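The values are calculated or read from the model by the stated rules, or taken from the named source; none is laboratory data. This structure is a prediction, so every number in the text was calculated from the model and none was measured. Note that we place each Cβ from the backbone using ideal geometry, even for glycine, and neighbour counts take in every protein chain shown. We work out accessible area using only protein heavy atoms, side chains counted, and drop any ligands, DNA or RNA first. Shrake-Rupley method; radii C 1.70, N 1.55, O 1.52, S 1.80 Å.
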Amino acid sequence: MPRELWLAAGFLSACCGVLYTLINAAQPSPYMDEVFHVPQAQRYCSYDFSHWDLMITTPPGLYLTSVAVLAPASWILGIELEALCSVSLLRAQNVLISVAIFPLLYFLLLRIHGSTSTTTWAAVHSALNMALFPVSFFFSFLYYTDIGSTFLVLLGYALGLSGHTLLSAVVLTWSLWFRQTNIIWVAFVAGVIGLQWVEREREREREGKQMTKWAFLLGVVRDVPTLLRMLWPHVCSILLFLLFIVWNGSVALGDKTHHQAGLHLPQLFYFFAFTCGFAATAMLSQIELIASFLKRFRDVNWIASFCILMIASLLAVHYFTYAHPYLLADNRHYPFYVWKNVFQRHWIIKYLLTPIYSLCVLAVVHILLKIQTALWVLLYLFCVILVLVPQKLLEFRYFVFPYLLFRLHVPQPSWWGLVGESVLHVAVTMVTVVLFVNYPFRWPGNDSLQRFMW
């Protein structure tokens, strides 16, 4: 690994150490979802694998990983495993995983864009910015499933792009034990591997000759048996997950009451606005990219696409806007204040935002098409729809992996775009940490301290 990567990893580790200490000092006891996760992990550390808290809706991958990590330490140190499963050490597991995500992002950048397309420092800086992405980075310091889930899907994707198909499927299958919706990313990785293979085959067949779209599609259909043989580990993972749904009666475990799938179409538009907001500093640094986007509005087809998106977004927000009971009842989360201070300020607000939604959708598609093929972009958009639309709750954590995929696959920013992105990510994270640590509050009739968070 290059020296620049080691230096940046040291910087990231130091930052994590400081924030980990601050957050643990302010909140040494389990908080929010940790109230369920920590006791469950501690049961597993006591080798009580029969107990299950019905309030937990995700599989036990997080707790099994904790046992696998801490059991060897227990044996080496001669300390009971149960004693090692403290809140602080369980959180430390996620901190370590968060640091490990950084070199993984660096590797993916080089794999996707090529080692000669950018300087080492630029690639390291870009990966560091993604590792510091405020939503995911904050949850590095709490015992949640998010960080482990993100790490495993990124690792499975990296292995798939490197040609290690079987190992990729194994890692991605393990990610399902952290979060069930990762099944969509299992299919995505399989689709990307298949697309790359098909494109190589068609390029070999073409050999400088023109190939019509119909010939390309017929070639894909002809290659389906070969693709299934190549991608059988991912196909098996998907089939096993379908059997799990049949057996369980639902995607969610435990309490299914508030985790039922719906048709929450505006969730897509929230995601595209969220993506453009966080990617703005990086993307605006590329003047040619912005200029080419603006020029597209001279194209009648592009204007027609904008109008269709406007109509679709108006219909979506009118008929499918949904406020989950958790969103309206919990003032500890940022989405509560977004909903209260933006969407509930006036009934017309949600309609006035539709032009912004439409522009954000077109901007994301335009930027992706600068490097990725149309089929890749369609696959990405299809998977984003499957991941987000069934989610009734507006929760920024659901946007993390789709955002990281977008950021990995777009043209890399200029140096000042990277600096702007760093400033944005660090500023948002510091505000969140300061609010969490220094501004706790109490609910009426409840003596427990509450804290602001994503």
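All but one of (1) among the hydrophobic types (A, V, I, L, M, F, W, C); (2) modelled with pLDDT under 95; (3) crowded, with 18+ Cβ neighbours inside 10 Å hold for Trp415; which doesn't?
(3)
Report whether or not Glu34 is buried (at least 18 other Cβ atoms within 10 Å of the Cβ), in contact (Cβ under 8 Å) with a residue 24 or more places away in the chain and acidic (Asp, Glu).
Considered against the rule, which asks whether it is buried (at least 18 other Cβ atoms within 10 Å of the Cβ), in contact (Cβ under 8 Å) with a residue 24 or more places away in the chain and acidic (Asp, Glu), Glu34 comes out as yes.
Evaluate the following for Phe274: is it in contact with a helix residue (DSSP H, G or I) (Cβ under 9 Å, 6 or more places away or on another chain) and farther than 26 Å from His366 by Cα? If you could, list the steps in order and put the result at the bottom.
Numbers: in contact with a helix residue (DSSP H, G or I) (Cβ under 9 Å, 6 or more places away or on another chain): yes; farther than 26 Å from His366 by Cα: no.
Here the answer is no, as Phe274 does not meet what is asked.
Every residue in the stretch 339-360 that is under 23 Å from the mean Cα position of the chain (by Cα) and surrounded by 16 or more Cβ atoms within 10 Å (Cβ to Cβ), please.
Matches in the stretch 339-360: Trp339, Tyr357, Ser358, Leu359, Cys360.
Farther than 23 Å from Phe133 by Cα and either open to solvent by 10 Å² or more (accessible area, probe 1.4 Å) or modelled with pLDDT of 95 or more (or both) - does that describe any residue in the stretch 390-402?
Within the stretch 390-402, one or more residues are farther than 23 Å from Phe133 by Cα and either open to solvent by 10 Å² or more (accessible area, probe 1.4 Å) or modelled with pLDDT of 95 or more (or both).
Conditions: (1) aromatic (Phe, Trp, Tyr); (2) open to solvent by 50 Å² or more (accessible area, probe 1.4 Å); (3) touching a helix residue (DSSP H, G or I) at 6+ places or on another chain (Cβ under 6 Å); (4) farther than 24 Å from Ser162 by Cβ. Phe139 meets all but one. Number of the miss?
Here Phe139 clears every test but (2).
Report those helices (runs of 4 or more DSSP H) wholly inside the stretch 96-200 carrying at least 2 residues which are over 15 Å from the mean Cα position of the chain (by Cα) and hydroxyl-bearing (Ser, Thr, Tyr).
120-131, 165-175
Can you tell me which residues in the stretch 38-94 are without any contact (Cβ under 8 Å) to a residue 60 or more places away in the chain, under 25 Å from Thr181 (Cβ atoms) and polar (S, T, N, Q)?
Passing the criteria: Gln40, Ser66, Gln93, Asn94.
Going through the stretch 105-127 one residue at a time, which ones are in contact with a Phe, Trp or Tyr (Cβ under 9 Å, 6 or more places away or on another chain), open to solvent by 20 Å² or more (accessible area, probe 1.4 Å) and aliphatic (A, V, I, L, M)?
The one that is in contact with a Phe, Trp or Tyr (Cβ under 9 Å, 6 or more places away or on another chain), open to solvent by 20 Å² or more (accessible area, probe 1.4 Å) and aliphatic (A, V, I, L, M): Ala122.
Taking only pairs six or more apart or across chains, which ones have beta-carbon atoms under 6 Å, a first residue in the stretch 405-431 that is more than 16 Å from Phe274 (Cα to Cα) and touching a residue at least 40 places away in the same chain (Cβ under 8 Å), and a second residue that is of a type in the set (D, E, K, R) and open to solvent by 10 Å² or more (accessible area, probe 1.4 Å)?
Here the result reads Pro411/Lys370, each pair linking the stretch 405-431 to a residue that is of a type in the set (D, E, K, R) and open to solvent by 10 Å² or more (accessible area, probe 1.4 Å).
Of the residues in the stretch 270-289, how many are surrounded by 17 or more Cβ atoms within 10 Å (Cβ to Cβ), modelled with pLDDT under 90 and either in a helix (DSSP H, G or I) or among the acidic types (Asp, Glu) (or both)?
4
Within 25 Å of Leu154 (Cα to Cα) and in contact with a Lys or Arg (Cβ under 6 Å, 6 or more places away or on another chain): is that true of Pro402 in this structure?
Working: within 25 Å of Leu154 (Cα to Cα): yes; in contact with a Lys or Arg (Cβ under 6 Å, 6 or more places away or on another chain): no.
For Pro402, the condition - within 25 Å of Leu154 (Cα to Cα) and in contact with a Lys or Arg (Cβ under 6 Å, 6 or more places away or on another chain) - is not met.
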